[in-house]
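The values are calculated or read from the model by the stated rules, or taken from the named source; none is laboratory data. Quantities reported herein were computed from a predicted structural model and do not represent experimental measurements. Because the Cβ atoms are built from the backbone with ideal geometry, glycine has one as well, and the counts that use them run over all protein chains shown. Just so you know, the surface numbers come from the protein's heavy atoms only, side chains and all, with ligands and any DNA or RNA stripped out. Shrake-Rupley method; radii C 1.70, N 1.55, O 1.52, S 1.80 Å.
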Amino acid sequence: MSCKQREDSVTEPSQQKDSMSLKQDIPEMDEASAYHSCSELLDAGTQGTVSNHDLESRKTPTNWEELDEDTASDTTTVPEDNCARRKLSPEGQITPMNYPSTGSNDVLSSAARSNTGLPNMTSPPSQVEPQRKTEVFKAENVYRLRLQTMIGSIGENAMRRVFQEGIKSKPKEKSLFDFYKESGINVVKFKDILNKSQRNRITKDSEGNTYDITLLFICIQWGSKITRVATNENPRWRGDLDCLESCLTNLKNLRNKLYHNETLLDKKMFIEETEMLRKLLENMLMHAKKLYNISSKEVDDLINIGNEKINLFRQESMLPSNWSDYQKDNLFLEMLEYAQINGLIILSKLYDSWVYFTPINLICYFKVKVSDVYTEMILKKETRGGDHDVVHVEYDNLLDDIKHSKDDPVILIEGFAGVGKTTLTKKIMSDWISQNSSMTHLTAYDFLLYAVCRNNRIRTFDELLVSLLPELAKSFQEKHFSEVILCGKVLLIVDGLDEFNESSVNLFKEVLELKKTSGITILATTRPERVETYYNLAESRQISTKHIQLTGIPAEKREDFVLKYFKEIQLRTEVELDVTELLEYLKKTARRLSDLWCLPYNLTLLIVLWVYKSEVINYIVTAPELYWEIHLLMLDKLMLRMRNNEMLSHLPDSAMKEKVSNFEYTLCHESLIALVKDEINISEESFGRLEEACRLENLPVEEMIGAFLKTVVIITPQGRNCLHSFAHKGVQEFLGALYIYKHTKSEIPKQLAAKFLKDLKDLLVTHNIPGEKGQEILRLVNDSLGDGSTPEVPQDQKKRVKPILENLHVNASLDIKKYQNLFVTTIGLFHLESVKIKDSIKLEVLELLKETGIDNINRWMMILDSVKCDTFVASFISQQKAQTSRTELSVTDSNLFSHISLLRAMADLTQHGIQYVSVDIEDEVYGINDLLIEISKKNLIVQELRFLPDLVCPTRKIMSADAVNSVFQRGGVVIYKGAYTHDLALPDSLDSLHVSIADRASYEYLCTYLMSYQGKPRLCLSPDLDVSGFAPLPNTKIRPNLYIPGVNKENYLKAVDVARAVLSTEGRYYRLFFPGSTLEVNEIYDLIREMKLREVKVEWGIIFPDNEISGKRGEQGERQELLKFAKKEIGRNIRWYDDSWMWKSG
């Protein structure tokens, strides 16, 4: 039965209900049918783990009792109550702002769930025996059932009348959601507190004719702008005041108490509760009369009819079908509430062990919780097809488009390897289990389910549920479990579509189909190479997509991540290091290595290297180099362990290293095998081969394998499985690329090669391969393997990369696209050691990379930026004929060297439409002169040339005058930022000039140039510069900005001397910048006094740095006083900005 059919089958009381009968609009059931209806959903009892509250509440009548004379007519036989309602804890009592599952179609909201106070799961009760003989239910059951019936019929009708009076102004044809929205009510939040059944009910019925008490209450309270009741925060809803709101609250709470409390009523309690209900309904209608101007006669009639019905229900005889109907009407929602409460507990416990990451098992043996180190990442909304404006998406707003309907889009998170896709999903999981998240709608979900595409053991949605909720699944028959789950609000995270295998493709197709009917929310992650695969699956099913691109941690947030992670390391280890130098390194390489350090995983590895091997940090500029150094660190740690092993300590280092190297080769091979199979874990066969490799070398199995693989336990329909996987797919791809790298240079361990030949020979004998033919096979294989003794590459035809993959795809076609990152990493490894790889091998890998979908110059440039490359690789890229829409090369710190290689290799860039170059370098990069010379050779026009290192420190002068002049002579330069010396020939085309001067001769040449300059001059002078004899700056069309860096309390007087010496005869600067100044508030007072005394004037203001390296700027009050002082003394303001802004502003 579908969720929709189940909703329709659970009917609700209506105005047309026969007041003389408790029968609902559902098929009548006999006793046996009622029992089996319970047992099907409970799977013959309460198997599995349940809460203590469940155990207490599942009590059944076990004795026969004669009823007294007044209730003798109410005796009947019923099946044992195996599905009695659970009790909620006192903390779960319902308040006006808290809507748990309380009726026919209600489910427990996330807010109520978090307050239920349920204890930890306990061991399961014993198996319920098969159906027993039917028993007479006691008089107390009858009293309770009678009172429930009164409230469900009479009380519901009274509350319905209040609701319908409140929405009288709504046009009949308008939906309630639209009416509320037009009236200024936040419909998004309103829908969030509703469950799926309630939303569907409102969609089908906008008048409230089929709403139960809980839904009526919610609609009245949330529609206060229309229904004219108090807002939900108002104390009138507390229930202790004489007003309509309190009457509504008391009626709802009375109903909830009966439905959620198994306490039986005796005769006296029944009479008291009945009369309380009678009075409550009368008061409610009288208050409604006053608020809505209902006629006295109409209200009196309603009260009289209600009293008559109460009297009838109080005396009416009970029929056998009454009990069965009551049970069936509430059973499904009972089980949904049961699944919601216990599902949250079970999933929270499971996910709490998942929301950690351990980047390297051997080195970082501790786990770090993602939520403790999570740092804001860049999320951008993508538009499929065509150019578009960049729209940034905040983490908090990721689910903003979700309305919990089948029309909701799938949220697709696209990002490169290591960019933080899994980190993002674990952050979402962590927030959900804590039930405290800044992300809109997240805590409204009843279930968050998590599927990993690399797991080939889960093929269906039902299997996924069993793997995540094994204990809960025992309480349901398999065919009903998913039905119950899908009737709640479900968020399914599917991580790694780029790691699809046959099983996970089947699972994803199934959940896409489920989405079309159930309204399940799907959030999926993928690398770029699988985006088209996703769209083919989604668009063929007419499913829309909210496409988000994840680009990593922004530069300004990386320091936060490092500090958080470093703090976790210090808490868990005895490491005592000053992180200041690491932070300075990150700042220094923020631009040059931006693409490397924006990835959270890479930043994590950087921190590990800083702790254990800091001397290599400055030599790392690519991801392959980073992974290589981490790999070498792991091997060093492993060698240290082996030396402390009693069985191996006697071996010399060379022998020890050879043993570890042999194991490493097998590990790399098995890594590639797992990549081919799209498996998150290595297979049992692979694990066996790793064990065999350890035994061959007499190495400890657990220590060797545990150093590189992590162990996880999963539960499938087939039982518990202990699996071994890599810490990150990037690590697995690196090891796979390392295998290709070692294979292409014949680095096959002798012992493994010998064992392989022996196994092959045995195989040939087993299969009766003729001797001559078998010998030929052995000879060819032996030639291919080589003897492992030489680093030279064999002849071109003996070692090829593609056959390595083809041999691993014996039973499947080779999907080359999924190996894009593997090939990029392989190219990066070709440049790590002194062994020369033949150009034919490089060419083959580049051609394979082209086959993966690299089809334009822009994509190739990204490859160049991510790995070190030689002239051969650059030459290959230069031969690609694909055009680019860009007419300009943009050179920054991160891609300078790749552009040099590209320019050297490309004979004519005009075939790619490239005419212009912009250069913007912020770090000390010593290839700048080579770049400028290559640009000149290619007759390209440099429009913008910015080189910040020379501007900040002109005495260092990294850019040579010859290189810069070669660019200037070509013409077309409109912006120049850097050092100026007298041998530079500044062009007339400059619109913006920002230069630093280190000597008098250069200053004089600059003044000559400025006499005819029509642009924006910005001059940088050191406070320690000897300005004696300096002439004033010539008057220019636009007043100059003056930069004086590094001003402190020892040299501030010199700084004023410099400013006064070069002040033009006009007598005023536009702005005066003091980057890197450490002057404190009281010292700035002195600087301003000196400026006034020396008549140094500014038109716009003075700017000081406002960052960690600056001096103490004082509190806001102190700043305000300083501003007033500056305004009074020099007539201008003081502003505070970051140093980086000051330098970039020019």
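Assuming R0 = 56 Å, can you tell me the calculated FRET efficiency for the pair D178 and E684, based on Cβ-Cβ distance, to the nearest 0.05?
Details: r = 58 Å, r/R0 = 1.03.
Efficiency computed from Cβ-Cβ geometry: 0.45.
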Charge dipole of segment 525-646 built from unit charges on the beta carbon (Lys, Arg +1; Asp, Glu -1), centred at mean Cα; most positive-end Cα among M639, H547, L593 is H547
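Dipole size in debye (nearest 20) for segment 455-545 around its Cα centre, Lys and Arg Cβ +1, Asp and Glu Cβ -1?
Details: 11 positive and 14 negative charges, 48 e Å.
The dipole magnitude comes to about 240 debye.
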Sorted by mean Cβ packing within 10 Å, highest first, what order do the peptides 514-521, 726-733, 367-374 take? 726-733, 514-521, 367-374
Could you give me the ³J(HN,Hα) list for segment 871-877, computed from phi with Karplus coefficients 6.51, -1.76, 1.60 and θ = phi - 60°, whole Hz, x at Gly and Pro? 4, 4, 5, 4, 5, 4, 5
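For a test of the definition: using alpha carbon positions, the gyration tensor, and the 1.5 limit on a/c, classify segment 444-491 as rounded, prolate or oblate.
Numbers: a/c = 1.97, a/b = 1.19, b/c = 1.66.
Oblate.
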Sorted on mean Cβ neighbours within 10 Å (highest first), peptides 1053-1064, 963-974 come out as 1053-1064, 963-974
Hey, for a label at N293 modelled as a point 7 Å past Cα toward Cβ, could you say which residues of segment 200-221 have their backbone N under 20 Å away? none
For labels at Q1014 and D988 in the simple 7 Å Cα→Cβ model, what's the distance in nm? 1.0 nm
At a 10 angstrom cut-off on C-beta neighbours, averaged per residue, how do the peptides 447-457, 604-614, 920-930, 644-654 rank from highest to lowest? 447-457, 604-614, 920-930, 644-654
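Grab the Cα-Cα distance for R956 and A812, subtract it from 0.36 nm times how many residues apart they are, and report the gain in nm with one decimal.
On the way: separation 144, 0.36 × 144 = 51.84 nm, distance 5.98 nm.
Length gained, R956 through A812: 45.9 nm.
Just subtract the alpha-carbon distance of V712 and D300 from 0.36 nm times their residue separation and send over the number in nm, one decimal. Present the calculation step by step, with values, prior to reporting the outcome.
Values: separation 412, 0.36 × 412 = 148.32 nm, distance 6.89 nm.
Working it through step by step, the gained length comes to 141.4 nm.
For segment 217-297, with all protein chains present and a 1.4 Å probe, just round the carbon and sulfur fraction of the accessible area to a whole percent.
Values: 2040 of 3860 Å².
Using a 1.4 Å probe with all protein chains present, segment 217-297 comes out at 53 percent carbon and sulfur.
Full-extension gain between D372 and K587, please, as 0.36 nm times their residue separation minus the C-alpha to C-alpha distance. If you can, show how the numbers build up before the last one.
Working: separation 215, 0.36 × 215 = 77.40 nm, distance 2.28 nm.
Difference between extended and current length: 75.1 nm.
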Those lysines that a straight Cα-Cα span of less than 27 Å connects to K1049, excepting residues fewer than 8 apart in one chain: K587, K588, K1092, K1097, K1112, K1124, K1127, K1128, K1144
Given a Förster distance of 56 Å, the FRET efficiency implied by the Cβ-Cβ spacing of N618 and I769, rounded to the nearest 0.05, works out to 0.50
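Any of K406/K489; K196/K349; K189/K380; K421/K729; K637/K677 with alpha carbons more than 19 Å apart? Name them for me. Kindly include the intermediate steps, with their values, before the conclusion.
Numbers: K406/K489 12 Å; K196/K349 26 Å; K189/K380 25 Å; K421/K729 12 Å; K637/K677 30 Å.
In this structure, K196/K349; K189/K380; K637/K677 lie more than 19 Å apart at Cα.
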Separation in nanometres of the label points that stand 7 Å from Cα toward Cβ, at W1141 and V505: 5.3 nm
